[in-house]
Amino acid sequence: MKHLFLCFLMTFLISCTGHTSLPETIAPEESSPAYSTNTLVLAEPLPGKRVRISISARDSSLYIVNCNEHIIVSLLTKNSDVPAWGGATDACLSQSIIIPHKSTLSFVVTAPDLGTDTIYMARVGGIHRGLDVRSPQYEPELTLSNEFQLRP
C-alpha cells in the first residue's frame with residue numbers, strides 16, 4: 001500500500017514540474033472597423049475590383065428611386081465630382097426601394113476598368129426622404145461614401 005501511495009505521489013510531482021506558468025494575458029484594445037463613414041453610404045473594397053456598397057437608414061427610412069431595381073452607383077476619384085465609373089441607368093422609373101429605419105441594404109458592384117492605385121469614393125444616386133419621387137433628396141455629401149482603393 002505504501003508503494004502504491006508513493007507511486008501516485010511521484011507521478012503527481014513529476015506531472016506538476018512539466019508545466020510552466022501561462023503568460024499574463026493583456027486585454028485587447030478596442031478596435032475600430034476597417035472602413036467607416038458618417039454618411040448614409042459605406043464602401044468596402046473586395047478582391048476582383050469589386051466594392052460592397054451598404055446604404056444604412058440610421059435616422060429614418062430611406063427611399064431609393066431606381067430603374068428595375070438597379071441602384072445608381074458612381075465611383076468618383078478623390079476631389080472630383082465627375083464619375084470615373086458608373087452613374088448611368090435607363091430612363092425608366094420603378095417603385096422606390098425602401099430601406100426601413102435602422103436597416104441596411106448591401107450589394108456588390110464590379111469596376112473592372114479602374115485602377116487599383118487610385119483613391120475612390122462611391123456615390124449612390126436617387127436617395128429620397130419620402131416615398132414620392134418628388135420628395136426631397138438627401139444632400140450629396142450624405143450620399144458619398146468613405147475613401148477606398150480597389151483591390152486586384
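Of all residues in segment 115-152, those satisfying the criterion of being within 20 Å of the chain's Cα centre (by Cα) and aliphatic (A, V, I, L, M) are Ile119, Met121, Ala122, Val124, Ile127, Leu142, Leu144, Leu150.
On the stretch given as segment 61-82, residues that are of a type in the set (D, E, K, R) and within 22 Å of Tyr120 (Cβ to Cβ) total 2. Is segment 142-152 home to any residue that is part of a strand (DSSP E or B), β-branched (Val, Ile, Thr) and either modelled with pLDDT of 95 or more or open to solvent by 90 Å² or more (accessible area, probe 1.4 Å) (or both)? For segment 142-152, residues part of a strand (DSSP E or B), β-branched (Val, Ile, Thr) and either modelled with pLDDT of 95 or more or open to solvent by 90 Å² or more (accessible area, probe 1.4 Å) (or both): absent. Each residue in segment 106-120 was checked for being touching a Gly at 6+ places or on another chain (Cβ under 8 Å) and in a strand (DSSP E or B), and 2 pass.
For segment 121-135, residues that are open to solvent by 30 Å² or more (accessible area, probe 1.4 Å) and assigned to a strand (DSSP E or B) total 1. Across segment 72-97, what is the total count of residues that are among the β-branched types (Val, Ile, Thr) and either within 23 Å of the chain's Cα centre (by Cα) or assigned to a strand (DSSP E or B) (or both)? Adding up the residues that qualify gives 4. Selection of segment 98-119 for residues being farther than 21 Å from Val65 by Cβ and either touching a helix residue (DSSP H, G or I) at 6+ places or on another chain (Cβ under 7 Å) or open to solvent by 50 Å² or more (accessible area, probe 1.4 Å) (or both) yields Lys102, Thr110, Pro112, Asp113, Thr116, Asp117, Ile119. Close contacts from segment 123-147, counting a first residue that is free of Cβ contacts under 8 Å to residues at least 24 places away in the same chain and a second that is open to solvent by 70 Å² or more (accessible area, probe 1.4 Å) and assigned to a loop (DSSP other than H, G, I, E, B), with Cβ to Cβ under 6 Å and a gap of 6+ residues or different chains, come to Pro136/Arg129.
Quick one: in segment 72-94, of everything that is open to solvent by 100 Å² or more (accessible area, probe 1.4 Å) and closer than 19 Å to His128 by Cα, which residue is modelled with the highest pLDDT? Of everything passing the filter in segment 72-94, Leu93 is modelled with the highest pLDDT. Each residue in segment 48-70 was checked for being open to solvent by less than 20 Å² (accessible area, probe 1.4 Å), of a type in the set (A, V, I, L, M) and under 11 Å from Ser96 (Cα atoms), and 2 of them qualify.
The values are calculated or read from the model by the stated rules, or taken from the named source; none is laboratory data. All of these numbers come straight from a predicted model, not from anything done at the bench. Every residue, glycine as well, gets a Cβ built from its backbone with ideal geometry; the counts of neighbours run over all protein chains shown. Surface areas here come from the heavy atoms of the whole protein model, side chains and all, with no ligands, DNA or RNA. Shrake-Rupley method; radii C 1.70, N 1.55, O 1.52, S 1.80 Å.
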